[in-house]
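The values are calculated or read from the model by the stated rules, or taken from the named source; none is laboratory data. No experiment lies behind these values; they were computed from the predicted model shown. Positions of Cβ are generated from backbone atoms using ideal geometry, with glycine treated the same way; all protein chains shown enter the neighbour counts. Areas reflect the complete protein model, heavy atoms only, side chains present, ligands, DNA and RNA absent. Shrake-Rupley method; radii C 1.70, N 1.55, O 1.52, S 1.80 Å.
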Amino acid sequence: MLRGQRVFHKCSFKTLEFIYSVLLVVMLCVWVVLLASTKKHGLTFTSINVCSVIAAFALKVPLGHGNLVMFVQVCLYFYCKCLWRCLKFVVRKLTGQCELQRICYNTKPGAARTMKIEASLKGSKCKRLQTSVNVHPDAIEKTIDDIMELKRINPDINPQLGVSLQACLLQIVGYRNLIAEVEKLRREPYDSENPQHEEMLLKLWKCLKPDSPLKARISKQWCEIGFQGDDPKTDFRGMGLLGLYNLVYFAEWDTEIAQQVLTDSLHPKYREITKKELSQLSKAEWEKKKFDKAIGYSFAIVGINITDLAYNLLVSGALKTHFYNVAPEAPTLTHFQQTFCYLMHEFHKFWIDEDPLDIMEFNRVREKFYKRILRQLQNPEMALCPHFAASESLINM
């Protein structure tokens with residue numbers, strides 16, 4: 001057994017020696033190419049010095065486990081700092097196009113193109129390109145002209161490139177501005193002395209309970225739409241005005257669905273059990289299932305919680321996939337609210353499918369739902385397209 005381990009260790013080490021030799025040859029070749037191209041293409045002597053150090057290290061230091069790890073780390077550093085830029089330079093010479101051109105011409109419009117453009121600009125060694133994703137929306141056209149000039153691209157020969165870059169920059173800058181706008185609403189507390197805040201709160205009641213007049217501003221009736229006490233202002237502490245804005249948008253623009261979700265949350269129903277599931281239940285389990293009561297939830301509190309979920313998706317950048325596919329230009333607060341409507345509707349269906357034992361399972365169900373949405377947004381072609389009135393005008397843009 002011990003002998004077999006030694007043979008395996010010896011073979012593995014020979015494989016590593018072979019890889020080491022191949023890497024050494026590649027390094028030396030790149031070093032020679034860089035040295036020959038220094039004057040012609042203006043490469044810095046820093047790059048040559050790095051190559052020289054790596055080559056000298058590889059030639060003089062004997063191979064060992066510690067040395068090999070160090071050598072691999074140096075190779076990775078060299079690739080990230082120098083070799084990648086050299087490869088981009090070679091590809092540009094071969095294709096006659098810069099990276100931005102290749103992305104715009106070879107990637108269809110949407111999240112895939114915009115996210116590649118964003119990564120290319122942010123990863124550029126040129127400060128002007130790096131800062132182009134942070135400009136004011138009014139300065140985008142001038143920024144496009146600067147990029148074309150910097151990349152030595154003739155706009156008369158490549159007219160579509162400027163249009164494509166402008167659309168991408170509008171989305172990138174718009175997403176950043178949307179985060180700022182949403183954050184501002186989240187930080188603004190509900191003020192019962194503010195007439196506008198009070199008007200929005202009363203509008204929420206009228207949209208959800210049009211046939212039941214509110215008897216008083218402070219009333220236990222608020223519990224009927226899912227608030228915890230007789231004054232809803234205390235429930236907006238976590239998400240500020242953002243929670244109220246989203247709830248009012250959902251109730252006003254998609255009233256029928258909102259009222260149905262509210263009714264189901266107060267009078268929960270089991271999802272229909274399929275024949276396959278029924279066949280897997282024992283008689284005792286079926287009897288228990290038949291008499292169990294489905295668990296509802298507090299509509300308004302869950303709405304504020306889903307607002308927090310949507311906010312986290314936005315700030316983390318996960319919603320870029322959706323917004324870059326849905327918004328042809330800059331995503332706006334309306335797009336964010338439309339996304340909230342979708343998440344609220346989908347969570348309601350997810351809650352019914354999960355069939356929790358009690359309300360204490362809310363955090364588990366919410367976390368599972370959050371992970372499912374994240375998986376969906378990993379697809380660059382994904383667009384969270386709800387099928388209700390609140391989103392029709394946005395989907396058709």
Only Cα pairs under 8 Å and at least 6 apart count here; give the relative contact order of region 188-378 as a rounded whole percent. 23
How much area per residue is accessible in region 99-177 when the probe is 1.4 Å and only protein heavy atoms are counted (Å²)? 53
For Lys203, give me every one of the aspartates and glutamates with a C-alpha distance below 14 angstrom, ignoring sequence neighbours fewer than eight places off in its own chain. Asp211, Glu252, Asp254
What FRET efficiency comes out for the pair Glu193/Asn379, r = Cβ-Cβ distance, R0 = 41 Å, nearest 0.05? 0.35
Residue span Val163 to Leu214: 0.36 nm per residue of separation minus Cα-Cα distance leaves a gain in nm of 13.1 nm
Based on the alpha-carbon gyration tensor of region 188-378 and its eigenvalue square roots a ≥ b ≥ c, which shape applies: rounded if a/c is under 1.5, prolate if not and a/b is larger than b/c, or oblate? oblate
Carbon plus sulfur fraction of accessible area for region 188-378, probe 1.4 Å, in percent: 52
